[in-house]
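Read through the structure below, which is laid out as structure tokens, and then see the notes.
Derivation of every value follows stated rules applied to the coordinates shown; laboratory data play no part. The shown structure was predicted, so the numbers you read here are calculated from the model rather than taken from an experiment. All Cβ positions, even for glycine, are placed from backbone atoms using ideal geometry, and neighbour counts span all protein chains on display.
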Amino acid sequence: MTDNSNKLGKAATRVFNRKVLILAIIVLGGYELYRHPPVETIAPQQVGIRLNELTGSVTEVGEGVCLMIPGIHSLRRFPLQDRIYRPERSAKADGPAPFQSSEGLSIGVELAIRYALDAKRLPKVAKVLPDHIGRDLVEPLVQGVIYKVFTRYTVREIFSTRRQEIQTVIEDELKPMLAADGIVLRNVMMGNVDLPPDYREGMNKVLATELETQQMQYTLQLKEKQVQESKLQAEAEKARRDTDAEAAADEQVIAAKGQEEAMKHVLPFKRKQIEQRELEAEAQSAALIRNAKGTAEARRIEAAGEADSRRKLADAEAYRLEEIGKVNSEQLERDGTLIDKHPLLIQKTLADKLSDKISVIIAPPPAAGGFIGQALIDGAQHGGSAGHASGSAP
């Protein structure tokens, strides 16, 4: 019984220890994942190189998220944008590390070496590249090349005459050395050249003398060219005058010949014009005579027609007056007969005539059926008032 209890206790202890071990492993694993997360981020304009510590393989990782296994993978990030290295210690002639010319003079040159990592070769050279590529790799190679190149040229050549050649030589020598380490050389730019003060002063004097000499040479050449130009202008002017004279003479000859030839055709044409004008004058005279005869005949016909028309109008007017007289006579005869039968019609007619001017007429009645207006007429003759009108026309 005791042995069974001991066995059970040992078994329980082993199970507990196993659980504790598993829990410890899980905790340690979680802690390691917390300290070393399995995900890394590659920023823009960067490329990542993932190294497998077990197999030694290399994997290129682009922009984005990269899966990492702690303890197995390691990641290196490399920038893809161009970089510029400037040897600032050699930019001044009195600086810490000036360049040396072939004469042994110290000079300062502002250089800019533009380079970038070769993305195609990066997986092959990533293991050997240092962490500080510019300081540990590019700077030593550049310094070794540029110091050696400048010692081949004089100060004058470096300063002015062979600057482009020096840039090309530095690029040609430096490019394969950087390419071996997976670095692409874009270009070498050469800026200001700083000369020693004494040399600069002497060089300025030499340059001034050379400039004066060149100026004198240019002046002499200009004068010579001006003399030649004057000669050529004189010769050209003479040739132009000769040509103009010949052209004017030829033009006069051609004009005379043309005028002579034209007269051969103009004279017959003039004669034809004279004949044509004579014929036109005769035709115009005949036409004027015909027009005058026609006009006179038309006027005679018009006068005869007008006289005939006036006679007819006079006959028509006489006939009209005669008929009107007959009508008036007959009307008077009828009116006289009617008045004889009805004497009051005279009074009515007078009232009708005055009705639009006088509203009321006051007059004494006629005696023995006489004319109603007789009293008014008699009163006007004696200065009396036979009546008065009042009111206005309605």
Q.
If amide hydrogens are placed 1.01 Å from N in the peptide plane, which non-local residues have theirs closer than 5 Å to the one on Leu80?
A. Gln46, Val47
Q. What shape does region 261-345 take by its C-alpha gyration tensor, where a ≥ b ≥ c are the square roots of the eigenvalues and a/c under 1.5 counts as rounded, a/b above b/c as prolate, and the rest as oblate?
A. prolate
**Q.** Options Val155, Leu195, His132, ranked by Cα towards positive dipole end of region 82-195, top entry (Cβ charges)
**A.** His132
Q | Over region 165-323, volume per residue of the alpha carbon convex hull, in Å³ | A | 664 Å³
Q: Just grab the label-to-label distance for Thr213 and Met177, each label 7 Å out from Cα along the Cβ direction, in nm (one decimal).
A: 3.8 nm
Q) When you count, for each residue, the other Cβ atoms within 10 Å and take the mean per peptide, how do 182-189, 18-25, 125-132, 42-49 rank with the highest first? A) 182-189, 42-49, 125-132, 18-25
(Q) Longer than 25 Å from Cα to Cα, which of Lys127/Lys175; Lys120/Lys175; Lys205/Lys225; Lys272/Lys293; Lys92/Lys205 are they? Say none if no pair is. (A) Lys205/Lys225; Lys272/Lys293
Q.
What whole-number distance in Å separates the alpha-carbon centres of region 223-271 and region 84-133?
A. 76 Å
Q) Shape call for region 82-195 from the C-alpha gyration tensor, a ≥ b ≥ c root eigenvalues: rounded (a/c under 1.5), prolate (a/b greater than b/c) or oblate? A) prolate
Q: Once you have a ≥ b ≥ c as the square roots of the Cα gyration tensor eigenvalues for region 173-238, tell me rounded if a/c is under 1.5, and otherwise prolate or oblate according to whether a/b is larger than b/c.
A: oblate
(Q) Through the Karplus equation 6.51 cos²θ - 1.76 cosθ + 1.60, θ set to phi - 60°, convert the phi angles of region 150-158 into ³J(HN,Hα) values in whole Hz; use x for Gly and Pro. (A) 5, 6, 8, 10, 7, 4, 4, 5, 5
